[in-house]
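The structure under discussion appears below in the form of structure tokens.
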Amino acid sequence: MKKNRILDWIFPSVDQDTQFLIDRYNVRNIHNISLIVGIIEGITALILLITSKGIVSGSYASFYSVSFCALFFIAMFFITKSLLRPGHKLEHIRTTLMIVAFIFIIDLWGMAASIRNYKLGKQMLTFYAVQVITICFVILPSYISWLLIIITYSILYTLLFLYDRAASILVANYAIFILVEAFGSSALYKIHLESFGYQARLDRLNVELKNSSDHDMLTTMLNRRALKSQFEQYYKKTVSVMMVDIDYFKRFNDEYGHQMGDKVLKQFSGLIIDNFGEENCFRIGGDEFLVIMPEYDIKAFEKLVHSWKEELKNMKIDGLVGSISCSIGYVSGKPEDDTQIRELIDIADRELYKDKNNRKKQEG
């Protein structure tokens, strides 16, 4: 049991929705940090250039270091901006590789600045500051953050050892820094994982709640509530509107039972969705359905209707003898407001009943 807990801590199981929220959190933080640091370091580089500090007396290290930092963070600002654009779906593996590369590069930059200070007898605050900042603002699973910490500290210690056998480094303090950062990064990740997991579950519940309020439970079609909320998108567009009613639907319930009636509704509505698109189909009530196709004139719409009718003729339902027929009525127009949309629906409804009456007359 303890072994499983340790493995879950190091290699946590994260669902896709939670992982997306974590990735977006990391990218957004890097985006914000990059803007701030890029501006500060850019101003610092400009000041160094104007005052000639770090450039005169044969030392260019400070100016180059600050300039590299400014350019790198500005580049990261624009890279993360493209990843945060509306509608963009972050790919987890690519996002993680980008984050790891970002952390490793700024670790190397902080390392170079700190080694330069070490050689001058100063403290290595830049490297440690970079480590703390990345741990606070970027959250990664324990196995990734630990690996980064071990690799960067190993590189730093190796370079210091090659310089003067790390004479000014206290190994005990060095080890404490590593342990604190490793466990600190894991603790923060665990806290954020629980928080984002809760947020992901809440988001899913909200989506389910919205779907249940906007969709018919039996057929999964959009309902009257959803229809009303979509009226505005039809304004000043050529739309074709069709009302559909299953012929003699009551007999399915009477002769075969309500389960067969439900099966007919599901399969019939599924065929409508397949031909006209889920976002354009509505169950109005009982066995009545509505189709509204924006950007379709009457000729283009009639082709869709013809194709759908051919498929309906060949549709078979297990346990049902015979085929299903329906009455339809459709019209095309360019509504300016809600009232005109309702008028088109009323006209399509009247055309439906004309079709139904004509069929009854033909049947005798």
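The values are calculated or read from the model by the stated rules, or taken from the named source; none is laboratory data. Not measured: the values here are computed from a predicted model. Every residue, glycine among them, receives a Cβ derived from its backbone with ideal geometry; neighbour counts consider all protein chains shown.
Data for the structure
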{"item": "Given (1) closer than 30 Å to Y235 by Cβ; (2) at pLDDT 85 or above, number of the condition K313 does not satisfy", "result": "(1)"}
{"item": "Near pairs, Cβ below 8 angstrom, 6+ apart or cross-chain, from segment 213-237 (within 20 Å of L271 (Cβ to Cβ)) to any residue that is part of a loop (DSSP other than H, G, I, E, B) and of a type in the set (A, V, I, L, M, F, W, C)", "result": "H215/M221"}
{"item": "Test: residue in segment 164-183 that is touching a residue at least 40 places away in the same chain (Cβ under 8 Å) and within 19 Å of V37 (Cβ to Cβ)", "result": "no"}
{"item": "Residue within segment 347-359 that is over 39 Å from the mean Cα position of the chain (by Cα), modelled with pLDDT under 90 and not in a helix (DSSP H, G or I) present", "result": "no"}
{"item": "Residue ID - nearest to I133 (Cα to Cα), chosen from residues in segment 79-97 that are within 18 Å of the chain's Cα centre (by Cα) and hydrophobic (A, V, I, L, M, F, W, C)", "result": "I79"}
{"item": "Qualifying position, being at pLDDT below 95, over 30 Å from D164 (Cα atoms) and in contact with a helix residue (DSSP H, G or I) (Cβ under 7 Å, 6 or more places away or on another chain), among G110, G54, G42, G87", "result": "G42"}
{"item": "Among residues of segment 291-301, those that are within 24 Å of I324 (Cβ to Cβ) and either free of Cβ contacts under 8 Å to residues at least 12 places away in the same chain or within 31 Å of the chain's Cα centre (by Cα) (or both), counted", "result": "3"}
{"item": "Test set (1) assigned to a helix (DSSP H, G or I); (2) more than 24 Å from P12 (Cβ to Cβ); (3) touching a residue at least 60 places away in the same chain (Cβ under 8 Å) - D262 fails condition number", "result": "(3)"}
{"item": "Sole residue being hydrophobic (A, V, I, L, M, F, W, C), assigned by TED's automatic domain parsing to the domain that holds I30 and buried (at least 19 other Cβ atoms within 10 Å of the Cβ), chosen from A101, A70, A75", "result": "A70"}
{"item": "Only one of F252, F282, F268, F289 that is buried (at least 20 other Cβ atoms within 10 Å of the Cβ), in contact with a Ser or Thr (Cβ under 7 Å, 6 or more places away or on another chain) and outside any loop (DSSP other than H, G, I, E, B)", "result": "F289"}
{"item": "Residue within segment 93-110 that is of a type in the set (D, E) and assigned to a helix (DSSP H, G or I) present", "result": "yes"}
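Let's see how each residue does on (1) crowded, with 21+ Cβ neighbours inside 10 Å; (2) in the same structural domain as I176 (by TED's automatic domain parsing); (3) closer than 15 Å to A61 by Cβ; (4) within 32 Å of the chain's Cα centre (by Cα):
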| position | (1), (2), (3), (4) |
| --- | --- |
| M111 | yes, yes, yes, no |
| N117 | no, yes, yes, no |
| S142 | no, yes, no, yes |
| S154 | no, yes, no, no |
| Y157 | no, yes, no, no |
